[in-house]
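What follows is a short report on a single structure.
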Amino acid sequence: MGNHTSRENTKEEELLSKWTNEERKQLVENKQTLPEYYSKELFDSLTEGTRLDYLQTAYDILRLKNTQKMYDIFQICVKKHKISLQTFVLWTVTSSIPLWYSQAGQNVIIKDIHQHDPKRLVDYLLNYAIEQKEKSGSTDWLFEEQEEKELKKENDKDDWKAKSTSSPSTLSDIEFMDWLKNVPCMFNLFYLIAEYAFLGCTQKDKDSLHQRRLAHLASPQLSSFSELISPYDYFMLMQHVPTHCLSSDTKGISHQLLYSSKRDGISWQVFVNKIVGQGATLIVIKSKDGSIFGGYADEAWEYQRTNWYGNISNFLFQLSPNYGAWLGQDVNNHYQYLCWGKKSLPNGLGMGGQFDYCGLWVDADFLNGHSRAGPSCSTFKSPQLTKDDTFTIDKVEAWLIKPIEKDEQDDTNGKGVLNYSEDMEFMEMAGKKMYSKDLAPPPSREQES
């Protein structure tokens, strides 16, 4: 008995030696109070057992990033609470997303997060792996009958849905780990929960916060929050933007609202004046049928460039009624297009596909658009983003995700794009009265924040 206790003490000391002095204090501190959003069931499952078990679990998850340990905790939850994988994902999401924001001091967002439904994010994470498998098998039609392919796809979906939602879960180790391998952000969320359980909420220095943002362990800096996307929506979208849009080690990156139809009015002139020449942008649209969708453009929108451009980092997305994100496929270069005031060319904003059959198209009247995919957009392999293939705009937001460097910007001498005489003439010919806000130079980013 004495030798066993001595070995345990030695092992405990060895594990404690892996941490800094401050971390050791946090590890041995008894955490009596949890935030109301944090699942007590997860906390108890993470911290149960002997002191040695506790230290070993902390080391395995936080230092070794051992994904197998997540399955072990899942199994404890299943045995104690008879839950499904779906419930486990729900507990993880609602406990971790506030922590993801709190890393960057976004406490205003955390206060209101209970007003938003996490269901779409939970379903997305739950079914992401099988959807990726479908995408990777998109050339199967070359080798098998379409009807046979569709039947197999539906059977796989039904089988996974039954397994992931059944209570208590009967998922095997292999099934769980295969799912987790294909949903990398899921372990990041679990890591945040474990970090809080063992180390509490510690202040991160600038360098540490930069690295955490690049690793998707902390939210980018936000100047304000959206009317159209929820905190859960924003988390999902940030999993798909390039890492250079998440943080910079030389200069802070703040995601800023460039244009809001609620704030600025429904105006094509104001919209393009706000987005042209700014940098990487996220365009979010709500249509009259309730669909919420949009696109990320990695390159700055350009004035009077009359052909397609952009790069493979661009993507299209859907947020309502369901989540989805579709990345560039390197099939063609039809990543983004913006043109107006040209009689011989289509006037509007496009992403993917081809004219009249775009993955996303917004007319220059700023009232209508279309999303036509038959059956998918060639550039992004995205489906139709709206209920009908044409839509009527309800609301629009444009977010600056990463500003271009000053030496990259066009020299417009501080003028907005509509200061150009040909644009003014075109708008006057169209019977559009020009207002000063239509012609003003883009506001400084300090004014926007």
>> Counting other beta carbons within 10 Å of each residue's own, what order do Val89, Val276, Val28 fall into, fewest first?
In response: Val28, Val276, Val89
> Under 5 Å between amide H atoms, partner at least 5 residues away or on a different chain: which partners does Leu258 have, H built in plane at 1.01 Å?
Replying inline: Ala398, Trp399, Leu400
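Given the pairs Lys18/Lys82; Lys25/Lys82; Lys181/Lys387; Lys79/Lys181, which are separated by over 28 angstrom at their Cα positions?
Lys18/Lys82; Lys25/Lys82; Lys181/Lys387
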> For the range 2-199, what does the alpha-carbon gyration tensor say about shape, rounded, prolate or oblate, given a ≥ b ≥ c as the root eigenvalues, a/c under 1.5 as rounded, and a/b over b/c as prolate?
Replying inline: prolate
>> Order these by the 10 Å Cβ neighbour count, fewest first: Trp301, Trp308.
In response: Trp308, Trp301
>> Given points 7 Å out from each Cα along the Cα-Cβ axis, report the Gln239 to Asp178 separation in nanometres with one decimal.
In response: 1.9
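Within the set of other residues whose C-beta is less than 10 Å from the C-beta of Leu338, count the net charge using Lys and Arg as +1 and Asp and Glu as -1.
Net charge around Leu338: 0.
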> What is the fewest-to-most order of Leu34, Leu64, Leu99 by other Cβ atoms lying within 10 Å of their Cβ?
Replying inline: Leu64, Leu34, Leu99
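Rule-based calculations on the coordinates, nothing more; no lab input. All values derive from a computational prediction rather than experimental measurement. Methodologically, a virtual Cβ is constructed for each residue, glycine included, from the backbone with ideal geometry; neighbour enumeration extends over all protein chains shown.
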